[in-house]
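K.L.:
Quick one: this structure, given as structure tokens, is what I'll be asking you about.
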Amino acid sequence: MMIYNLSNADLAIGDGAASKKRAELVLEDKYKGITLHGRIRHKIKLSQPTRNSVYSCLFTRYGLDTGTEWQQEHFQSLFPKEVEVWAKATISNADKVHAAALVEEDLQDHRDATFVRYLLLVDKMGHRRYVTPEFEPTECFGRLKYILKFDLPAGITPLVTQTTTLVLAIIQSTEVVYETPLKIPYFDKFGRSEAVDMTTVMCIVGRVKDHRGRWAIVDRSELSSTRLWPVIQPLFARRRASP
């Protein structure tokens, strides 16, 4: 899957009221193993920038990014006017991720479940026009902002022959750098936001703040305590030295 950009100022979902009913939805087919939870918001109209980001995502998925203007306009005309927005999701590894825009969490809180690792297929040749795309899986980290669920009607593209349920995540990316021989990822600011399929969200990640104000990303699914210690140990040392 490609990267689909959305500026941080454009993350507003749009009109709609939150339902007071807490719900749970176990997904099937390609989303088997994912369960949506939390306070669902019905009949939400996406803001135009968010809608454009979703369009870009789906144009690439269904080959419309190289299609005609008529094909794209046809897709947009049949795209649902309203979508569902969910607060939480249990993903395939049993982590329960939270959508930051709907769940009150503190960036400083170690229990924050909005930071995730996700995978994208990025076109290595994206900077060169008229060159055949070459996709490679790329590991990314970011803050989950929204979980969107909607149905595409049959015929919206030739590849959609029956009603198809999609679940997308809007993720605010981080600009990660890798340091130390252990290749620990660090970030000190957010990048742009991306619309991705929910199946690309791999796990929740933690963060440890260092003395320079940067965040070291702690991926408990891959990193052992031995690998984490070089990051954590200096923090404990400074705390012991404090009066």
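Every number here is computed from the coordinates shown, using simple stated rules; none is lab data. Predicted, not measured: the structure shown is a model, and the values here were computed from it. So basically every Cβ, Gly included, is an ideal-geometry build from the backbone, and we count neighbours across all protein chains shown.
K.L.:
I want the local charge near residue 137. Using Cβ-Cβ distances under 13 Å, sum +1 for each Lys or Arg and -1 for each Asp or Glu among the other residues.
P.N.:
Charge balance in the 13 Å sphere: -2.
K.L.:
Oh, and also: If you take every residue apart from residue 89 with its C-beta less than 10 Å away from the C-beta of residue 89, what net charge results, scoring Lys and Arg +1 and Asp and Glu -1?
P.N.:
Neighbourhood net charge equals +2.
K.L.:
If you don't mind, there's one more thing I want to ask. With θ taken as phi - 60° and the coefficients 6.51, -1.76 and 1.60, list the Karplus ³J(HN,Hα) couplings across region 61-78 in order, rounded to whole Hz; mark glycine and proline as x.
P.N.:
4, 9, x, 8, 5, 10, x, 7, 4, 4, 4, 5, 5, 4, 4, 4, 5, 9
K.L.:
Distance cut-off 24 Å, Cα to Cα: go down the list 32/149; 45/124; 30/189; 30/183; 149/189 and report the pairs above it.
P.N.:
45/124; 30/189; 30/183; 149/189
K.L.:
Sort 215, 86, 70 by Cβ crowding within 10 Å, fewest neighbours at the top.
P.N.:
Fewest-to-most ranking of 215, 86, 70: 70, 215, 86.
K.L.:
Run the paramagnetic zone check for residue 70: 7 angstrom along Cα to Cβ, then residues of region 140-171 with backbone nitrogen under 19 Å.
P.N.:
Within reach of a label on residue 70: 155-160.
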